[in-house]
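The values are calculated or read from the model by the stated rules, or taken from the named source; none is laboratory data. Note that the structure is a prediction, hence the values are computed from the model and not measured. Note that each Cβ is placed from the backbone with ideal geometry, even for glycine, and that neighbours are counted across all protein chains shown. Heads up: the accessible areas ignore ligands, DNA and RNA and are worked out on the full protein's heavy atoms, side chains in. Shrake-Rupley method; radii C 1.70, N 1.55, O 1.52, S 1.80 Å.
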2 protein chains.
Amino acid sequence: MGLVVQKYGGSSVADAEGIKRVAKRIVEAKKNGNQVVVVVSAMGDTTDELIDLAEQVSPMPAGREFDMLLTAGERISMALLAMAIKNLGHEAQSFTGSQAGVITDSVHNKARIIDVTPGRIRDSLDKGNIAIVAGFQGVSQDKKDITTLGRGGSDTTAVALAAALDAEVCEIYTDVDGVFTADPRVVKKAKKIDWISFEDMLELAASGSKVLLHRCVEYARRYNIPIHVRSSFSGLQGTWVSSEPIGDKKVEQAIISGVAHDTSEAKITVVGVPDKPGEAAAIFRTIADAEINIDMVVQNVSAASTGLTDISFTLPKTEGRKAIDALEKNRPGIGFDSLRYDDQIGKISLVGAGMKTNPGVTASFFEALSDAGVNIELISTSEIRISVVTRKDDVPEAVRAVHTAFGLDSDTDEAVVYGGTGR
Amino acid sequence: MGLVVQKYGGSSVADAEGIKRVAKRIVEAKKNGNQVVVVVSAMGDTTDELIDLAEQVSPMPAGREFDMLLTAGERISMALLAMAIKNLGHEAQSFTGSQAGVITDSVHNKARIIDVTPGRIRDSLDKGNIAIVAGFQGVSQDKKDITTLGRGGSDTTAVALAAALDAEVCEIYTDVDGVFTADPRVVKKAKKIDWISFEDMLELAASGSKVLLHRCVEYARRYNIPIHVRSSFSGLQGTWVSSEPIGDKKVEQAIISGVAHDTSEAKITVVGVPDKPGEAAAIFRTIADAEINIDMVVQNVSAASTGLTDISFTLPKTEGRKAIDALEKNRPGIGFDSLRYDDQIGKISLVGAGMKTNPGVTASFFEALSDAGVNIELISTSEIRISVVTRKDDVPEAVRAVHTAFGLDSDTDEAVVYGGTGR
């Protein structure tokens, strides 16, 4: 008998009908002879409604209380899901993150899981129950306070439980049929990927693909837990993410896994920086001290006549204000002429382990962009990824051009998107 | 420095504005030099909405999961209240029933508190925090499952915490100014009671007064915790419930504390019962085995010609169906002609410790009802209470007549009712 961890996002349990549909699917997995652990997110818009309430009573809600508030969302969905399963004649018990043994650090709103002690889950399974666990939440090791894991936290809960329980697979149910070769909302001919390696999936997630978040894939890779991303609305096989293709699936590693894009970043250009040692260090020390993560960096060739250069870097738009403030404050120490802020940029990334052994990939990528009339502003590469920054308006066309150039287009418009996204 | 426990019902925290208003009141108590523990119910209609969701997924929700679901309500209100207090510049921490050490038995949906171990609350208070505790909920001693305390559970939480923390007073904030000599919605001239003994309050609660529930008063009496029932909307002094009048309040015990009424009961008459020993026992054993609590009982004088008699009793309407079914099922064993079910009855009760030493009370009570043209169907008395059953339609007029006859009328229409009721 195998042990399966299933995770359902908020859009899958948005209302009573959704909960009943999910309950049926869970019971099927149980009937197939599996022990089943289910991780569930808050219903549909619950989290947004709670955040809205918090903002009404306090402009800066305290982290501890904010976490206490938000975790009410999963408490509702998990109890309802357990009821719906019992109504189908099967035994189910719901568990909070704390009851399930999800132990975290004390960083509220974005806690990290540091241990999982699923004794109660194991007991419940051994008694023949289906165990329903609240996603997104845990309890802090030192203070025993309720914590939340931040964006994508329920996926991480599922993978962490799968690792602690030595599950055969962690199934992530969502509102799309799997991971696609590009965002299906942009590329109609995007294809569902049957299997992708952890490494390629990590690069896609880091480059803007939103189906799985980076930390969840990272966790799965560390403990070698196969993830199966699939739709809770259809019965189709989705995308397997694992170190090697699973079982009898003879899937050849594609040269290129997919094209990701990201329009959530902005570009800051520091203009008129003296071209001497230590200048770049001063800039990026300032940014790091403000606890801002940057993505891509480029330094222009210095103009010999002035001895000055420009340094550009990208960062999440949400951190833009903070970065500008930090740089302006340290302007005397750093020494630069001015700052330029540009939030009309987009990033297109091509990801694939085959890049390592196919030297023509980079050239083909630039040719495709050039043929589509897309101007490149910044370039960044890793062993299995190449990314460029362009004008934001050029992104859709650029993604489609690259997708076609690398032979990723499906013969049909197959991608289906069912609804919103969970957490 | 004193320790005060305050309890706020759902109508007091129905929306963000209500939460902010309550937060200000809590901060005032803190500024007055008190250590403050706050017990809070779920916001307004939250509980009803959650029950509605449960009914959509399952016609018979399991007790354990139902409790898990409902406790989400207090989790939301307590976290928001803590945020609102912090926003006023004071430190606050919220605690679930489990975190606050409210230990119960394992009877889901109506658990009983068996111990309170408020170590975390004490620590939080000692650090200068205001402690916010979820009402209505606890954790079971044996299984460590989340439980709820049933109707009026938040009041009981407050009194139990007050007892465990040796509080000076347990303040119950509600949507009326206190306990009145009659229901202000029926008797416009009802007066707020300044002080009432535990005993009289217990009788009023048992007779239909809804401001405080019986089990909460019973708990307070056992541990001798003074209760102060007051409005969260006005700043007025409310009603003190205690063994003796508090401090310098020289309040004379009234002969009559008040008039309560109850229209939630029904009457079952068992017709044609053989008038021989053991018959009544057979009937009430049947009812008891069905776990139904009955209230008043009367047996008619036997008709000598037939040797048959009728036995009537009252019980909550909600148990009516169950009682009829149980009696019909045991009809062969008991032996009776037929059953009559009447849910158009009402009960009027006069409560006051002075009754013991004022023999004229009963006579005056019946005279008042007679003068008002109200027919009496059943009578029941205790040392400090006399109750009658009448037609339901006669109840408002009967209550007003008795209230006037015993000199309880206020000179003005003072009673104010602000809103719904909490739990």
Which of the residues belonging to the range A:12-46 are acidic (Asp, Glu) and assigned to a loop (DSSP other than H, G, I, E, B)? A:ASP15, A:ASP45
Would a scan of the range B:298-310 turn up a residue that is touching a Lys or Arg at 6+ places or on another chain (Cβ under 7 Å), among the polar types (S, T, N, Q) and in the same structural domain as B:THR381 (by TED's automatic domain parsing)? no
Residues of the range B:377-388 being more than 17 Å from B:HIS403 (Cα to Cα) and of a type in the set (A, V, I, L, M), which ones? B:LEU378, B:ILE379
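Of all residues in the range A:1-12, which are surrounded by 24 or more Cβ atoms within 10 Å (Cβ to Cβ) and either within 10 Å of another protein chain (Cβ to nearest Cβ) or at pLDDT 95 or above (or both)?
A:VAL5, A:GLN6, A:LYS7, A:TYR8
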Given (1) at pLDDT 95 or above; (2) assigned by TED's automatic domain parsing to the domain that holds B:ALA23; (3) closer than 25 Å to B:THR318 by Cα; (4) surrounded by fewer than 19 Cβ atoms within 10 Å (Cβ to Cβ), B:THR263 misses just (2)
How about the range B:149-234: which helices (runs of 4 or more DSSP H) wholly inside it have at least 1 residues that are in contact with a Leu (Cβ under 9 Å, 6 or more places away or on another chain), in contact (Cβ under 8 Å) with a residue 24 or more places away in the chain and under 30 Å from B:ASP123 (Cβ atoms)? B:153-164, B:214-223
When (1) open to solvent by less than 10 Å² (accessible area, probe 1.4 Å); (2) on the phi > 0 side of the Ramachandran plot; (3) not charged (D, E, K, R) are applied to B:GLY208, the one that fails is (1)
How about the range A:47-148: which strands (runs of 3 or more DSSP E) wholly inside it have at least 1 residues that are open to solvent by 10 Å² or more (accessible area, probe 1.4 Å)? A:92-95, A:102-104, A:113-116, A:137-140, A:146-148
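Kindly indicate which of A:SER312, A:SER338, A:SER380, A:SER364 is touching a helix residue (DSSP H, G or I) at 6+ places or on another chain (Cβ under 8 Å) and in contact (Cβ under 8 Å) with a residue 24 or more places away in the chain. Spell out the reasoning first.
Details: A:SER312 fails: touching a helix residue (DSSP H, G or I) at 6+ places or on another chain (Cβ under 8 Å); A:SER338 fails: touching a helix residue (DSSP H, G or I) at 6+ places or on another chain (Cβ under 8 Å); A:SER380 fails: touching a helix residue (DSSP H, G or I) at 6+ places or on another chain (Cβ under 8 Å).
So the residue among A:SER312, A:SER338, A:SER380, A:SER364 that is touching a helix residue (DSSP H, G or I) at 6+ places or on another chain (Cβ under 8 Å) and in contact (Cβ under 8 Å) with a residue 24 or more places away in the chain is A:SER364.
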Which residues, counting only those in the range B:15-29, are more than 12 Å from chain A (Cβ to nearest Cβ) and buried (at least 21 other Cβ atoms within 10 Å of the Cβ)? B:ILE26
For A:VAL36, which of the numbered conditions (1) open to solvent by less than 20 Å² (accessible area, probe 1.4 Å); (2) over 30 Å from B:GLY18 (Cβ atoms); (3) facing chain B (nearest Cβ under 9 Å) fails to hold? (3)
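Could you grab me the full set of residues in the range B:265-285 that are more than 27 Å from B:ARG385 (Cβ to Cβ) and under 27 Å from the mean Cα position of the chain (by Cα)?
Across the range B:265-285, there are no qualifying residues.
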For the subset of the range A:94-113 comprising residues that are under 22 Å from A:ALA79 (Cβ atoms) and among the aliphatic types (A, V, I, L, M), which member is farthest from the other protein chains (Cβ to nearest Cβ)? A:VAL102
Check B:SER243, B:SER232 and return the single one that is under 25 Å from B:THR156 (Cβ atoms) and crowded, with 20+ Cβ neighbours inside 10 Å. B:SER232
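Looking at B:LEU81, B:LEU53, can you tell me which residue is within 11 Å of another protein chain (Cβ to nearest Cβ) and either touching a Phe, Trp or Tyr at 6+ places or on another chain (Cβ under 9 Å) or in contact (Cβ under 8 Å) with a residue 60 or more places away in the chain (or both)?
Numbers: B:LEU53 fails: either touching a Phe, Trp or Tyr at 6+ places or on another chain (Cβ under 9 Å) or in contact (Cβ under 8 Å) with a residue 60 or more places away in the chain (or both).
One residue alone meets the criteria, B:LEU81.
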Give the range A:92-123 a look and list any residue that's of a type in the set (D, E, K, R) and touching a Ser or Thr at 6+ places or on another chain (Cβ under 9 Å), or say none. A:ASP105, A:LYS110, A:ARG112, A:ASP115
